[in-house]
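Trainee: What follows is a single structure, and I will ask about it in a moment.
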Amino acid sequence: MTQSPGQGQALDNLLTESRTFPPSDEFAAQANAQPELYEEAKADREAFWAKQAERLHWDTKWTQVLDWSDAPFAKWFVGGKLNVAYNCVDRHVESGHGDQVAIHWEGEPGDSRAITYAELQREVCKAANALKSLGIGAEDRVAIYMPMVPEAIFSMLACARLGAMHSVVFGGFSAEALRTRIEDSSCKLVITTDGQFRRGNPFPLKPAVDEAVAAAPSVEKVLVVRRTGSEVAWSDKDVWWHELVDGQSDVHTPEAFDSEHPLFILYTSGTTGKPKGILHTSGGYLTQASYTQHYVFDLKPDTDVYWCTADIGWVTGHSYIVYGPLSNRVTQVVYEGTPNTPHEGRHWEIVQKYGVSIYYTAPTLIRTFMKWGADIPAKYDLSSLRVLGSVGEPINPEAWIWYRENVGGGKAPIVDTWWQTETGAIMISPLPGVISTKPGSAQQPLPGIGAKVVNDEGVEVPHGGGGYLVLDEPWPSMLRGIWGDEERYRDTYWSRFGEQGFYFAGDGAKYDADGDIWLLGRVDDVMNVSGHRISTTEVESALVSHPTVAEAAVVGASDATTGQGIVAFVILRGGAGSDAGGAEAIKALRDHVAKEIGPIAKPRQIMVVPELPKTRSGKIMRRLLRDVAENRAVGDVTTLADSSVMDLISAGLQSGKSED
Ligand code: WTA
């Protein structure tokens, strides 16, 4: 199983893509990023980052850019002091932009609210005063378990203003998931809502908090925003937001905190075991969030309307709804609901309504839009869109092209941004206006960032070779550890290539002939077939490039002769004929993969399924599909967005027609 494939490569490079899209002269001329940015960073990395830190307001300037003497614990902008919330809110009001809309909030039922920077400042000050009255101070932990309502953003910024750490827990997680996270970092306060709107209906949220808090003695108070107006049980820990916050003074003087003062904890799942509390701090994090937002999205604060479709429960919501955009004085859309409520054109309707110019989403949603059909975005005026972004998983070239043609009008550059909860901000991405984009590739480390593809020995692979993605230089927004578990931090990220001192990202990657980086999925999603390590992503991309396939997930199932055999689960496009799941069609798909990648990648088995098991953030849970492929009882489904999906898949398989 651990047999190495040919040429000492850790991962075989099988799929090639030759289309490239240079930026228009017009875009390039007006772009924030110019080619010199790469030169500048290369010439003096620390001076480059020092310059980026000047994007922020520092109460006390730092004396040293980077202290890496206690690696793998970095200190950036040593000795500097700043207030993160002041940087995201007050300074824009002070510079005369109080009337600029910060947030166009769009509720799922159709209610909306425009919040200016002046109003944002008042709301954040009131919330900070309220939190203080509940005994929250520097370094206290506050759990935020809320839907996408403005108060969620006010709460995060109020914590930042007080130097308290927020731990946002996605509102779709269970009471048990919330409890373990509250407990792990001993949160004193939980901020939540009575309920949330999902798919046109109000759903209760507070009962999960009640259940979690009953078993979490660290929690002293629960602050509750009224959103749906549904009945809720009430205890003496509970306080209504409108009763406490609305009456507070809207003036609050921010205190400056050390650059390395903790800002937040965000839990992310590891391959096994309990979630890891990823710790981020202030000055370096905000510097890189701000820098990347400005250059990667080509943000023009006076004219752009930006929309990131993530939830604040994920790191993308932290860095690219709250800290990056607001530190850059963005005007942005925040949408509460699901993309098909009340109809499948909701996103495009919102783009048209607000004239959204920058749109940042995930491949899983793009593939869903593909499934719904190109005629839906075609009904709306999307001509305001000028930059498109993708994040969260490798984007299949097919989906990339669809996105470009049907959303970007065949001209908006697409930035495929690679990063992680741990990296805090974007690390690898083309810079629009500078780099000719390539469908499916994240391409180049950003100026100031060091990333490489290496083999098992930590040696960089040649162009055309595959291996593991590592980060070979510390970066400002890097995690500062795992909450309460130094050993796990060292083990997970710094031991695999300890000798070289590289950060191990856990992702497979390859260089193409031009030296551009392609992400190939998590290393544990890599299959080993007859000694060839094959990326699940490449086989999935090949399947999705067939006209009958809407979505595909591929796993390696143990095989007596080849080590692992490739098993594919496919969802067919709505329009595919009724015989599309028949033996002929399956054979055609296997042949198609053989043609696209090579006979080695031909799936042993293809199963047609109605849905794929996904986490709430849209990642396919291949572990569960592996259980099905290996005829085992299906494992823990509690982190699935919809746990009935596995029943659907099993039922579909019993119909017998889905096997080759
Ligand atoms: C994957 C999300 C390919 C990758 C910001 C990474 C990507 C994990 C990309 C982190 C991309 C993220 N191309 N893969 N553009 N962006 N990933 O912590 O496997 O939720 O390690 O952070 O998502 O997921 P996380």
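The values are calculated or read from the model by the stated rules, or taken from the named source; none is laboratory data. These numbers come from a predicted model, not from an experiment. Methodologically, a virtual Cβ is constructed for each residue, glycine included, from the backbone with ideal geometry; neighbour enumeration extends over all protein chains shown. Side chains are part of the model used for accessible areas, which takes the heavy atoms of the whole protein and leaves out ligands, DNA and RNA. Shrake-Rupley method; radii C 1.70, N 1.55, O 1.52, S 1.80 Å.
Trainee: Between rounded, prolate and oblate, where does region 476-627 land on the alpha carbon gyration tensor, with a ≥ b ≥ c its root eigenvalues, rounded for a/c under 1.5, else prolate if a/b exceeds b/c?
Mentor: prolate
Trainee: Considering all alpha-carbon pairs of region 546-651, what whole percent are spaced by more than 17 angstrom?
Mentor: 54
Trainee: Quick one: what does P(r) look like for region 441-484 with 10 Å bins over all Cα pairs, in whole %?
Mentor: 23, 45, 27, 5, 0
Trainee: Still on this model: Output wanted: per-residue J couplings in Hz (rounded whole) for region 293-309, from phi through Karplus 6.51 cos²θ - 1.76 cosθ + 1.60, θ = phi - 60°, x for Gly and Pro.
Mentor: Here the 3J(HN,Hα) series is 4, 5, 8, 5, 9, 6, 5, 10, x, 7, 10, 7, 10, 10, 9, 10, 7 Hz.
Trainee: Tell me, what is the 1.4 Å probe accessible area of LYS411, in Å² to the nearest 10?
Mentor: Using a 1.4 Å probe on the heavy atoms, I get roughly 130 Å².
Trainee: Further, regarding this structure: Could you give me the ³J(HN,Hα) list for region 421-436, computed from phi with Karplus coefficients 6.51, -1.76, 1.60 and θ = phi - 60°, whole Hz, x at Gly and Pro?
Mentor: Along region 421-436, the couplings run 3, 5, 7, x, 8, 4, 10, 10, 5, x, 8, x, x, 10, 9, 6 Hz.
Trainee: Arrange the residues ASP236, ASP591, ASP381 by how much accessible surface each exposes, largest first, with a 1.4 angstrom probe.
Mentor: Putting ASP236, ASP591, ASP381 in descending order of accessible area: ASP236, ASP381, ASP591.
Trainee: Another question about this same structure. For the chain, state the average projected area of the convex hull of the C-alpha atoms over all orientations, rounded to one decimal in nm².
Mentor: Dividing the Cα hull surface by four gives the mean projection, 27.4 nm².
Trainee: For helix 645-654, what angle does its Cα long axis make with the longest principal axis of the chain, in degrees from 0 to 90 and rounded to 10?
Mentor: Value to nearest ten degrees: 10.
Trainee: Beta carbons within 10 angstrom, averaged per residue: use that to sort the peptides 413-421, 100-108, 511-519, highest first.
Mentor: My ranking of the peptides, most packed first, is 413-421, 100-108, 511-519.
Trainee: Note the direction-averaged projected area, equal to a quarter of the hull surface, for the Cα convex hull of region 480-527, in nm².
Mentor: Averaging across all directions leaves 4.7 nm² for the Cα convex hull.
Trainee: May I pose another question? Kindly rank 594-600, 539-545, 433-439 from highest to lowest mean number of other beta carbons found within 10 Å of each residue.
Mentor: Ranked from most to least packed, the peptides come out as 539-545, 433-439, 594-600.
Trainee: Of the accessible area of the chain, with the probe set at 1.4 angstrom, what percent is carbon plus sulfur?
Mentor: Carbon and sulfur atoms account for 49 percent of the accessible area of the chain.
Trainee: Once all Cα-Cα distances of region 218-314 are split into 10 Å bins that start at 0, what whole-number percent is in each one?
Mentor: The percentages, shortest bin first, are 10, 21, 36, 27, 6.
Trainee: Would you kindly derive the ³J(HN,Hα) couplings of region 234-244 from the backbone phi angles with the Karplus curve 6.51 cos²θ - 1.76 cosθ + 1.60 (θ = phi - 60°), listing them in order in whole Hz, with x for Gly and Pro?
Mentor: 10, 10, 6, 7, 7, 9, 6, 4, 5, 7, 8
Trainee: For region 172-241, rounded, prolate or oblate, judged on the Cα gyration tensor with a ≥ b ≥ c (square roots of eigenvalues), a/c < 1.5 rounded, else prolate if a/b > b/c?
Mentor: Judged from the Cα gyration tensor, region 172-241 comes out oblate (a/c at least 1.5, b/c at or above a/b).
Trainee: Along the Cα→Cβ direction, 7 angstrom out, place labels at THR268 and SER558. What is the inter-label distance in nm?
Mentor: Rounded to a tenth, the inter-label distance reads 3.0 nm.
Trainee: Let me make sure I get this right: for region 384-427, a, b and c are the square roots of the gyration tensor eigenvalues over alpha carbons, sorted descending. Under 1.5 in a/c it's rounded, otherwise prolate if a/b > b/c, else oblate. Which is it?
Mentor: oblate
Trainee: Return the whole-Å distance between the Cα centroid of region 227-301 and the Cα centroid of region 56-81.
Mentor: Measuring centre to centre over Cα atoms gives 22 Å.
Trainee: Loop only per DSSP, at most 14 neighbouring Cβ atoms within 10 Å: give me the GluC sites (Glu not before Pro) in region 461-539, ordered by residue number.
Mentor: The qualifying sites are GLU499.
Trainee: Using mean Cβ contacts within 10 Å as the protection proxy, how do 629-640, 602-613 order, highest first?
Mentor: 602-613, 629-640
Trainee: Check the straight Cα-Cα distances from LYS126 and name the lysines below 26 Å, setting aside those fewer than 8 residues away within the same chain.
Mentor: List returned: LYS81, LYS188, LYS206, LYS221, LYS237.
Trainee: Also: Before rounding to the nearest 500, sum -39500 (n - 2.57) across all DSSP H runs of length at least 4 in the chain and divide by the residue total; then give [θ] at 222 nm in deg cm²/dmol.
Mentor: Helices in the chain give a 222 nm mean residue ellipticity of -7500 deg cm²/dmol.
Trainee: Report the charge-dipole magnitude of the chain in Debye, nearest 20, computed about the Cα centre from +1 at each Lys and Arg Cβ and -1 at each Asp and Glu Cβ.
Mentor: Roughly 580 debye, rounded to the nearest 20.
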